[in-house]
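These notes are about the structure you will find just below.
Just so it is clear, none of the values below were taken in a lab; they were calculated from the coordinates. Keep in mind that this is a model prediction, so the values were computed, not measured. Here Cβ is always computed from backbone atoms with ideal geometry, including for glycine, and neighbour counts include all displayed protein chains.
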Amino acid sequence: MDLSLFITQDGMDKIQRRIQFLLSERPEVIKAVAVAREFGDLSENAEYKAAREKQRQIDGEIDHLRRRAAHLKVVDVSAFPKDKIRFGSICQTREESSGEETCYQVVGVDELNFYDREGIQPVSVLSPIGKALLGKESGEIALVKAPIGDRHLLIVAIL
């Protein structure tokens with residue numbers, strides 16, 4: 001099962017909103033290109049070059065998001081029981097060495113750039129933390145094999 005293709009409904013909604021925002025911004029950029037073109041010699045026209053670069057950036061992001069969204073599989077996480085950490089689960093953890101508590105949500109790779117929930121740290125389902133959390137129950141310890149060394153996270157609660 002390719003976990004990189006999963007996304008929550010909230011994540012997909014945010015991608016769609018980003019696409020709509022970019023599409024609404026595009027006409028202004030196209031107008032700026034046309035106005036800058038009227039300034040004359042395009043080889044030395046900084047305004048034209050900047051406007052064209054902005055248009056390429058917007059078009060590229062729209063294309064990337066549309067292609068990626070077409071391949072993603074939306075997972076309805078609301079129906080999942082809260083007995084184990086699954087894709088989309090939110091959990092409260094405590095770092096065994098420091099006692100620091102962190103609230104994580106295991107999300108799809110494509111959601112990380114658009115995540116905005118206050119007080120919850122998103123972790124990719126493919127990241128070392130995400131992989132360690134999957135399948136754990138409250139009271140269990142998730143061993144995170146991270147590049148900086150092993151971390152032990154106690155699952156305090158699954159929310």
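Brief remarks follow.
- Summary value for segment 77-158: 33 percent relative contact order, contacts being C-alpha pairs under 8 angstrom separated by 6+ residues.
- Viscosity 1.306 mPa s, 10 °C: Kirkwood-radius Stokes-Einstein D of the chain over Cα pairs, µm²/s: 87 µm²/s
- Set of lysines near Lys54 by C-alpha distance (under 17 Å), chain-local residues within fewer than 8 positions excluded: Lys31
- Members of Lys84/Lys131; Lys14/Lys49; Lys14/Lys73; Lys82/Lys136; Lys14/Lys131 lying beyond 19 Å, as alpha-carbon distances in this model show: Lys14/Lys49; Lys14/Lys131
- Note, ³J(HN,Hα) from phi for segment 108-116, Karplus 6.51, -1.76, 1.60, rounded to Hz, x at Gly and Pro: x, 4, 6, 8, 4, 6, 10, 6, 9
- For segment 19-124, GluC sites (Glu not before Pro) are listed when DSSP marks them as loop and at most 14 other Cβ atoms sit within 10 Å of their Cβ; the list is Glu38, Glu96, Glu100, Glu118.
- Positive end of the dipole of segment 110-159 (Cβ unit charges, origin at the Cα centre): among Pro147, Leu126, Ile158, the Cα lying farthest that way belongs to Pro147.
- Take every DSSP beta bridge whose two residues both sit in the chain; close to 70 percent of them are antiparallel.
- Inter-label distance, Ser97 to Glu53: 4.2 nm, where each label sits 7 Å from its Cα along the C-beta direction.
- Nonlocal amide H pairs with Thr93, under 5 Å, H built at 1.01 Å: Thr102, Cys103, Tyr104, Val156
- Charged-residue dipole, Cβ positions (Lys, Arg, Asp, Glu), segment 3-75 about Cα centre, Debye nearest 20: 400 debye
- Placing +1 on the Cβ of every Lys and Arg and -1 on the Cβ of every Asp and Glu, with no other charges, gives segment 77-158 a dipole of roughly 260 debye about its Cα centre.
- Evaluating 6.51 cos²θ - 1.76 cosθ + 1.60 at θ = phi - 60° for every residue in segment 137-151, the Karplus couplings come out as 10, 4, x, 7, 10, 9, 8, 9, 8, 9, x, 7, x, 6, 10 Hz, glycine and proline recorded as x.
- Going by neighbour counts of Cβ atoms within 10 Å, the residues Ser89, Ser138, Ser97 line up, fewest first, as Ser97, Ser138, Ser89.
- Ranked for footprinting exposure by Cβ neighbours inside 10 Å, fewest first, Thr102, Thr93 give Thr102, Thr93.
- Karplus (6.51, -1.76, 1.60) ³J(HN,Hα), θ = phi - 60°, over segment 118-127, in Hz, Gly and Pro reported as x: 5, x, 10, 9, x, 10, 5, 4, 9, 6
- Look at the alpha carbon pairs under 8 Å that are at least 6 residues apart: their mean separation over the length of the chain gives a relative contact order of 25 percent.
- Simple Cβ-charge dipole of segment 5-159, Lys/Arg +1 and Asp/Glu -1, about Cα centre, in debye nearest 20: 480 debye
- For segment 77-158, the Cα-based Rg and Dmax, in that order, read 11.9, 35 Å.
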